[in-house]
Amino acid sequence: MTEDAITTEPVFWPLAHGRGLTLGPKAVVMGIVNVTPDSFSDGGLFANRDAALEAALAMEAQGAAIVDIGGESTRPGAGAVDAEAEQARVLPVIEALARRSDVLISIDTYRAETARKAIAAGAHIVNDIWALQRDPDMAAAIVETGAGAVLMHNSRDRALEADVIDDQRVFLQRSLALARSAGLGAERIVLDPGFGFGKETAAVNLELAARFGELHALGRPLLAGTSRKRFIGHVTGREPGARGAGTAATSVFLRMKGAAVFRVHDVAINVDALKMADAMLAARPQR
């Protein structure tokens with residue numbers, strides 16, 4: 001698909017608890033709340049329920065339509081966390097947020113057990129960094145709960161195709177096949193190319209961004225998760241907490257290439273940047 005062919009036609013994304021979200025016409029921002037002591041840029045900031053809840057509510061006020069809550073750091077070299085510890089971190093936050101707000105809640109987990117409990121606690125979306133390929137029960141858990149799914153490409157711990165887009169296709173088509181075999185409808189799936197996850201060089205991430213439009217061939221809405229990633233630091237020279245502007249630049253670029261959802265730490269700057277991107281897209285001559 002060429003850039004000129006990219007559209008912002010509405011696609012309805014059905015989610016748990018009878019909720020849903022229209023993707024396409026306007027960029028959707030997903031705020032990140034890591035309830036962890038060791039995440040790469042905000043570890044420890046939201047490590048207790050009250051701090052995480054206030055952060056989530058602030059993100060909603062700044063324009064986030066979704067808040068993504070995770071209880072295990074996914075940075076390279078992070079210590080492993082078992083399901084019990086993960087759930088002890090995230091479930092109280094999800095329960096409290098669901099009581100206080102109507103914001104959509106995403107659970108960042110690759111464990112089916114955590115996904116089920118998080119949806120029961122009030123979450124609407126499962127954000128799986130292994131795209132159904134780590135826990136064989138995950139697809140069934142998403143089907144049973146009626147959740148929406150974000151399936152992320154992950155380059156870690158496996159042999160890769162030589163071409164960055166070919167590797168995306170091979171990995172994500174495998175995940176889509178797992179979804180089909182479990183009865184998980186394509187309408188419930190958003191795909192994430194997984195910037196930074198095993199993509200070790202800035203060059204690989206920049207090529208993935210430059211060729212992002214090719215991913216529309218997979219047939220599902222796309223999420224961009226570039227926030228504060230190392231390749232932004234490589235280009236800007238900034239430390240993780242100072243990469244908000246660099247992230248916003250990637251958000252605008254990827255919106256112009258058809259990304260629908262943007263997972264970010266710095267909500268306000270990305271909301272404003274994406275409003276400008278949407279205005280520019282709306283100003284395109286009608287064909």
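The values are calculated or read from the model by the stated rules, or taken from the named source; none is laboratory data. For clarity, every value in this text was computed on a predicted model and none was experimentally measured. Cβ sites come from the backbone with ideal geometry, for glycine too, and all protein chains shown count toward neighbours.
Before moving on, here are some points about what is shown:
- Residue match in region 198-217 (condition: at pLDDT 95 or above, basic (K, R), touching a Pro at 6+ places or on another chain (Cβ under 6 Å) and in a loop (DSSP other than H, G, I, E, B)): no
- When region 242-256 is limited to residues that are in contact (Cβ under 8 Å) with a residue 40 or more places away in the chain and more than 13 Å from F195 (Cβ to Cβ), the one that is surrounded by the fewest Cβ atoms within 10 Å (Cβ to Cβ) turns out to be M256.
- Set side by side, the residues I119, I107, I125 differ, and just one is under 18 Å from I32 (Cβ atoms), touching a residue at least 40 places away in the same chain (Cβ under 8 Å) and within 19 Å of the chain's Cα centre (by Cα), which is I125.
- Of the listed requirements (1) among the charged types (D, E, K, R); (2) farther than 30 Å from D278 by Cβ; (3) assigned to a loop (DSSP other than H, G, I, E, B); (4) modelled with pLDDT of 95 or more, D38 misses just one: (4).
- Selection within region 196-219 - within 21 Å of A27 (Cα to Cα) and in contact (Cβ under 8 Å) with a residue 40 or more places away in the chain: L208, A209, R211, F212, G213, E214, L215, H216, A217, L218
- Residue check for M59: in a helix (DSSP H, G or I) and modelled with pLDDT of 95 or more: yes
- Residue check for R180: in a helix (DSSP H, G or I), under 24 Å from L15 (Cα atoms) and free of Cβ contacts under 8 Å to residues at least 12 places away in the same chain: yes
Here is a yes/no grid of residues against (1) out of contact with any Gly (no Cβ under 8 Å at 6 or more places or on another chain); (2) surrounded by 24 or more Cβ atoms within 10 Å (Cβ to Cβ); (3) within 18 Å of E86 (Cβ to Cβ):
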| residue | (1), (2), (3) |
| --- | --- |
| A112 | yes, no, yes |
| A123 | yes, yes, yes |
| T145 | yes, no, yes |
| M152 | no, yes, yes |
| R169 | yes, no, no |
| L176 | yes, no, no |
| R188 | no, no, no |
| G198 | yes, no, no |
| A209 | yes, no, no |
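- Residues of region 125-135 classified as outside any strand (DSSP E or B), closer than 19 Å to A80 by Cβ and touching a helix residue (DSSP H, G or I) at 6+ places or on another chain (Cβ under 9 Å), total: 3
- Given (1) out of contact with any Asp or Glu (no Cβ under 7 Å at 6 or more places or on another chain); (2) under 22 Å from G213 (Cα atoms), number of the condition D135 does not satisfy: (2)
- Restricting attention to region 223-241, the residues that are touching a helix residue (DSSP H, G or I) at 6+ places or on another chain (Cβ under 8 Å) and either buried (at least 21 other Cβ atoms within 10 Å of the Cβ) or part of a helix (DSSP H, G or I) (or both) add up to 13.
- Filter result for the condition that a residue is over 17 Å from the mean Cα position of the chain (by Cα), aliphatic (A, V, I, L, M) and under 20 Å from H17 (Cα atoms), over L178, L184: L184
- Look at region 21-32: where a residue is within 10 Å of P221 (Cβ to Cβ) and a partner is among the polar types (S, T, N, Q), sitting 6+ places away or on another chain with Cβ atoms under 7 Å, you get G24/T8.
- L172 farther than 17 Å from I32 by Cβ, in a helix (DSSP H, G or I), within 15 Å of the chain's Cα centre (by Cα) and not acidic (D, E): yes
- For first residues located in region 51-72 and free of Cβ contacts under 8 Å to residues at least 40 places away in the same chain, partners that are among the aromatic types (F, W, Y) and not in a helix (DSSP H, G or I) and lie 6+ apart or on another chain with Cβ distances below 8 Å form the pairs A55/F46.
- Leading residue by the ranking (modelled with the lowest pLDDT) among those in region 82-107 that are out of contact with any helix residue (DSSP H, G or I) (no Cβ under 8 Å at 6 or more places or on another chain) and buried (at least 18 other Cβ atoms within 10 Å of the Cβ): R89
- Within region 149-169, the only residue that satisfies the criterion of being part of a strand (DSSP E or B) and among the β-branched types (V, I, T) is V150.
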